[in-house]
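J.: Got a structure here, written out as structure tokens. Questions coming.
The values are calculated or read from the model by the stated rules, or taken from the named source; none is laboratory data. Just so we're clear, the structure is a prediction, and the values are computed from it rather than from any experiment. Virtual Cβ from ideal backbone geometry, glycine too; neighbours counted across all protein chains shown. What goes into the accessible areas is simple: the full protein's heavy atoms, side chains included, and nothing from ligands, DNA or RNA. Shrake-Rupley method; radii C 1.70, N 1.55, O 1.52, S 1.80 Å.
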Amino acid sequence: MADPNILSTAKPAFDVDRIRREFPVLSQTINGKPVVYLDNAATTQKPRRVSERVFRFDTEEYGTVRRGAYRLCERSTQLYEEARKKVAAFMGTPDSSEIIFTSGTTQSINLVAYSFGKRFIQPGDEVIISNIEHHANTVPWQVVCEDRKAVLKVIPVNDRGELILEEYDKLLSGKTRIVAVNHVSNALGTVNPVKEIVRKARAAGARVLIDGAQSTPHIKLDVKDLDCDFYTFSGHKMYGPSGIGGLYARKEMLEAMPPYVTGGDMIRQVTLEKTTYAPPPMKFEAGTPPISQVIGLGEAIDYLNEIGMDKIAEYEHSLLEYGTQLLENIEGLRIIGTAREKASILSFHLDAVHPHDVVTLLDQEGIAIRGGHHCAQPTMIRFNVPATARASVSFYNKYEELDLLADSIRKIIKMFS
Ligand code: PLP
């Protein structure tokens, strides 16, 4: 067991046992051992109430949205739009038409890259990303830059995994059209200083997209205070259903940008000669949306609000500090990503064992973590590792689970030595 004397984490009051009762999956066993779920950066488990809300909607309230004048359709549309209002309030905008439902962060970034790129990026213009982006915030910008004959610039990071802001200052210019960075890095856990990044971009006349896939489950948000133009999220990483997520976008941007997907529901009028578009958000929501998933997302947001994002952040921060201290004390283990501001993620590399072996052996102990490049190959190259093992915490995790993780890693190292 870990030596408690080396650990100095303050443990805030948090009724984790009550929380865990909401998540039936957490009381299962794997290989006869209690499951320890530490892959929350990939996807979070769902509380029972989210699935129950979707079930009730599907079995008692279901209808299509926006298309009919009968009761089930009206009710369904009302619930769908109420969910949009919940998301808007959660993100910090009073105007729910600034929220577009998409399938998640990947689609949200593709939407912006395509649509913003088509309207605003010209040959010779520049787009800035960072060296610690998920492929979802790298590849769409590479494609758009190739397409528009624009130039992609990259903010480098220091050895802790923090963006080097002096280099960012040098990259920004009158040619910069958009800066696209994550709020929290999925590979390292770095919390980027997004407010400062936005302020500097705006001073240079550039727009800003924040990839919020890893921040929305952990950090209280206020997009208006951040002053960004776009902010993305994924429902399945915030205790909601998969296949649903979204995009906050400043109204003026949604009005100026052309649609990304076209078809039914996004039009004002269609003749064989010409189509005019519906105002946002419908302009960006062609076709029948994932209605039940939207209702489930609304329920997940109610759940997060009831616990309180400040309380969640405080408890998870304490878990992260505790886990960091445990892992720092394991000989032969190197933590990858030691930024001063971090959230949720513990990425590490063992001198003697490949991350895939670590993950497989931990699975035999019932412990679920991720091993691989985490869809962030440029980050792996920067840190000169092929892959890392990554444990990521949620507010339903316990300190004891991190003890178990550390003890199991020690056993694996011993086995390989
Ligand atoms: N951006 C970051 C930082 C992520 O961690 C992820 C998923 O892991 C994504 C984007 C892509 O999210 P999704 O697969 O939900 O579209």
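J.: In debye to the nearest 20, how big a dipole does the chain give about its Cα centre with +1 on each Lys and Arg Cβ and -1 on each Asp and Glu Cβ?
T.: In debye, rounded to 20, the chain gives about 900.
J.: How long are the semi-axes of the ellipsoid equivalent to region 50-306, from square roots of 5 times the Cα gyration tensor eigenvalues, in whole Å, largest first?
T.: 32, 23, 14
J.: Ranked highest first by the average count of other Cβ atoms within 10 Å around their residues, in what order do 310-320, 189-199 fall?
T.: 189-199, 310-320
J.: Semi-axes of the equivalent ellipsoid of region 149-213: what are they in whole Å, largest first, if each equals the square root of 5 times a C-alpha gyration tensor eigenvalue?
T.: Calculated on Cα positions only, the semi-axes equal 19, 13, 11 Å.
J.: Using a 1.4 angstrom probe, figure out how much accessible area region 142-273 has per residue, in square angstrom, rounded to the nearest whole.
T.: Roughly 40 Å² per residue, with all protein chains present.
J.: While we're here: Using the Cβ atoms and a cut-off under 12 Å, what net charge is assigned to the surroundings of residue 31, where Lys and Arg are +1 and Asp and Glu are -1?
T.: -1
J.: For the chain, what does -39500 (n - 2.57) per DSSP helix run (n ≥ 4), summed and divided by total residues, give at 222 nm, in deg cm²/dmol to the nearest 500?
T.: -11500 deg cm²/dmol
J.: Label point 7 Å out from residue 357 along Cα-to-Cβ: which residues of region 312-350 have amide N under 12 Å?
T.: In region 312-350, the label zone of residue 357 (backbone N under 12 Å from the point 7 Å along Cα→Cβ) covers 350.
J.: Classify region 244-305: rounded, prolate or oblate, from the alpha-carbon gyration tensor (a ≥ b ≥ c, eigenvalue square roots; a/c under 1.5 rounded; otherwise prolate if a/b is larger than b/c)?
T.: oblate
J.: Rank-order 204-211, 323-330 by packing density, defined as the average count of other C-beta atoms within 10 Å over each peptide's residues, highest first.
T.: Put in order of decreasing packing, that is 204-211, 323-330.
J.: What's the extension gain from residue 152 to residue 306 if we count 0.36 nm per residue and subtract their Cα-Cα distance?
T.: This chain segment gains 51.3 nm when fully extended.
J.: Okay, next question. Helix 71-91 versus the longest principal axis of the chain: what is the Cα-based angle in degrees, 0 to 90, to the nearest 10?
T.: Tilt of helix 71-91: around 60 degrees.
J.: Still on this structure, I have one more. Give the percent of DSSP beta bridges with both residues in region 50-306 that are antiparallel, rounded to the nearest 5.
T.: 45
J.: Then there is this: Please determine, in degrees from 0 to 90 and to the nearest 10, the orientation of helix 105-120 with respect to the longest principal axis defined by the Cα atoms of the chain, where the helix direction is its Cα long axis.
T.: Roughly 40 degrees, rounded to the nearest 10.
J.: If we restrict to alpha carbons, what Rg and Dmax does region 25-168 come to, in Å?
T.: Looking at region 25-168, its Cα Rg and Dmax stand at 21.3, 60 Å.
J.: Multiply the residue separation of residue 165 and residue 321 by 0.36 nm, subtract the distance between their alpha-carbon atoms, and state the gained length in nm to one decimal.
T.: Additional length available on full extension: 53.6 nm.
J.: First compute the accessible area of the chain with a 1.4 Å probe, then give the percent of it belonging to carbon and sulfur atoms.
T.: Answer for the chain: carbon and sulfur cover 50 percent of the accessible area.
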